[in-house]
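Right, one structure below, let's go through it.
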C-alpha cells in the first residue's frame with residue numbers, strides 16, 4: 001500500500017512539473033534575439049500583471065497606417081523592484097521601444113529590451129541601472 005501511494009505521489013509531482021514547464025514559454029523560441037527593432041508610438045494599453053507585463057502601442061507603418069504592437073516585458077514583481085508600477089504609464093504616452101521581434105512573420109509582437117518615454121525622458125534598459133535616452 002505504501003509503495004502504491006509513493007508511486008502515485010511521484011507520478012503526480014512529475015505531471016505537475018510537466019504542466020508548469022509547458023505553461024511557460026521559451027523567450028528564444030518566441031522572439032528572435034539576433035534582430036532588434038525600434039518602435040515609436042502612443043501607448044494604448046498597459047497591462048501590469050504577472051507572469052508578464054504587456055505594453056500595447058500604436059505605431060505607424062511605412063504607409064502611415066497604424067499597427068497595434070504588443071510588447072512583452074518582465075514580471076510585475078521584477079519591474080516593481082525597478083520603480084515601474086501600474087501608474088507609471090498613461091494612455092497616450094509617446095514611447096520609443098527597442099525589442100526582439102516575434103519569430104512569426106507578420107506578427108506585431110516583441111520582447112522589451114529598452115523603453116524611453118518622450119515627455120519626461122523616463123528610461124528603462126535591459127542592464128541594471130541602465131539609463132535610456
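Numbers below:
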item	result
Filter result (touching a strand residue (DSSP E or B) at 6+ places or on another chain (Cβ under 7 Å) and surrounded by 13 or more Cβ atoms within 10 Å (Cβ to Cβ)) within region 83-100	84, 89, 93, 94, 95, 96, 97, 98, 99, 100
Within region 47-78, considering residues that are exposed (fewer than 14 other Cβ atoms within 10 Å of the Cβ) and in contact with a helix residue (DSSP H, G or I) (Cβ under 9 Å, 6 or more places away or on another chain), the one nearest to residue 117 (Cα to Cα)	49
Enumeration of residues in region 25-52 that are in a strand (DSSP E or B) and within 14 Å of the chain's Cα centre (by Cα)	31, 45, 46, 47
Within region 53-78, tally of residues that are farther than 19 Å from residue 91 by Cα and under 11 Å from the mean Cα position of the chain (by Cα)	2
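For (1) without any contact (Cβ under 8 Å) to a residue 24 or more places away in the chain; (2) farther than 16 Å from residue 48 by Cα, each residue gets a yes or a no:
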{"position": "73", "(1), (2)": "no, no"}
{"position": "76", "(1), (2)": "no, no"}
{"position": "84", "(1), (2)": "no, no"}
{"position": "90", "(1), (2)": "no, no"}
{"position": "93", "(1), (2)": "no, no"}
{"position": "100", "(1), (2)": "no, yes"}
{"position": "114", "(1), (2)": "yes, yes"}
{"position": "125", "(1), (2)": "yes, yes"}
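Taken together, the values in this text are just the output of simple stated rules run on the coordinates, not laboratory data. Just so it is clear, the model here is predicted, and its values are computed rather than measured. We place every Cβ from the backbone using ideal geometry, glycine too, and count neighbours over all the protein chains shown.
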